[in-house]
Amino acid sequence: VRNAAEAGVKYLTVYAFSTENWKRSEEEVSGIMKLLAKYLQEALRDMEKNHVCFRFFGDLSRLSPELRKLCQDAEKRSSEYHEVQVNFCLNYGGRDELVHAVRDIVREGISPEEITEDAISERIYTKDYPDPELVIRPSGEYRLSNFLIWQSAYAEYWFSDILWPDFTE
């Protein structure tokens, strides 16, 4: 995050846990959730020093009450910082995000003729933030894995064999 801020990156979005990750074993999901909680607690300690704002994109309702509270506290405590914003996609899937947006459109009674790209863009998790200009895909994979599929339609893509934990400036 520090390196991104030094490079002039205003928004950094990371894919922390996908909607598809629930299909993993219960033991693996539990381990990932513990790591997420630990990481968020560490990040909160560094947040004030680095003036980082935290936001969470995804359906947080499926997370444990403790992890949801940690996410809410992180957003609240960091809301005054504007140097760099870190967006955590947590229980996030691009297709799931679009389903939520379409459901909102139907609930609001919008007619089919009124459904536009703007109507959808106004109902997705990232509605208040700019679309990504660059998507970096570490790990040697050449797929998006359901990550920001609506928002990254015009982004540049960079694929790397480096694994995420080894990714450096």
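See the values below:
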item	result
Cα-centred dipole magnitude for the stretch 13-92, charges only on beta-carbon of K, R (+1) and D, E (-1), debye, nearest 20	100 debye
Cα centroid separation - the stretch 66-120 against the stretch 3-60, whole Å	16 Å
Relative contact order [Cα under 8 Å, 6+ residues apart], the chain, whole percent	23 percent
Per-residue SASA entry for residue 73, accessible area with 1.4 Å probe, Å² rounded to 10	50 Å²
Taking the stretch 9-95 and dividing mean pair separation by its residue count, relative contact order in percent (alpha carbons under 8 Å, at least six apart)	51 percent
The chain: angle of helix 65-78 to the longest principal axis, Cα-based, in degrees nearest 10	80 degrees
Global size of the stretch 103-169 as Cα Rg and Dmax, reported in angstrom	16.0, 48
Probe 1.4 Å - accessible area at residue 10, Å² to nearest ten	90 Å²
Size of the stretch 1-51 as Cα extents on the principal axes (Å, biggest first)	38, 21, 12
Helix 26-50 vs. the chain, principal-axis angle (Cα, 0 to 90°, nearest 10)	70 degrees
Rounded accessible area per residue of the chain, 1.4 Å, Å²	65 Å²
Helix 94-107 axis, angle to the chain major axis (alpha carbon atoms, nearest 10°)	40 degrees
Translational diffusion of the chain, µm² s⁻¹ [Kirkwood Rh, Cα pairs; Stokes-Einstein; 25 °C; 0.890 mPa s]	142 µm²/s
Student exercise, the chain dipole from Lys, Arg, Asp, Glu Cβ charges, in Debye to nearest 20	580 debye
Interchain or long-range residues, amide H under 5 Å from residue 84's placed H	53
The chain: calculated mean residue ellipticity at 222 nm from DSSP helix runs of at least 4, using -39500 (n - 2.57)	-11500 deg cm²/dmol
Carbon + sulfur, % of accessible area of the stretch 92-169 - ligands and nucleic acids excluded, 1.4 Å	52 percent
Carbon plus sulfur fraction of accessible area for the stretch 32-78, probe 1.4 Å, in percent	50 percent
Packing rank of 100-111, 54-65, where each peptide gets the mean count of other beta carbons within 10 Å, highest leading	54-65, 100-111
Dipole axis of the chain (+1 Lys, Arg; -1 Asp, Glu on Cβ), positive-most option in 53, 132, 72	72
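The values are calculated or read from the model by the stated rules, or taken from the named source; none is laboratory data. Values in this document were obtained by computation on a predicted structure and should not be read as measured data. As a convention, Cβ positions derive from the backbone with ideal geometry for all residues, glycine included, and neighbour counts pool all protein chains shown. These accessible areas exclude ligands, DNA and RNA; they are computed on the full protein's heavy atoms, side chains included. Shrake-Rupley method; radii C 1.70, N 1.55, O 1.52, S 1.80 Å.
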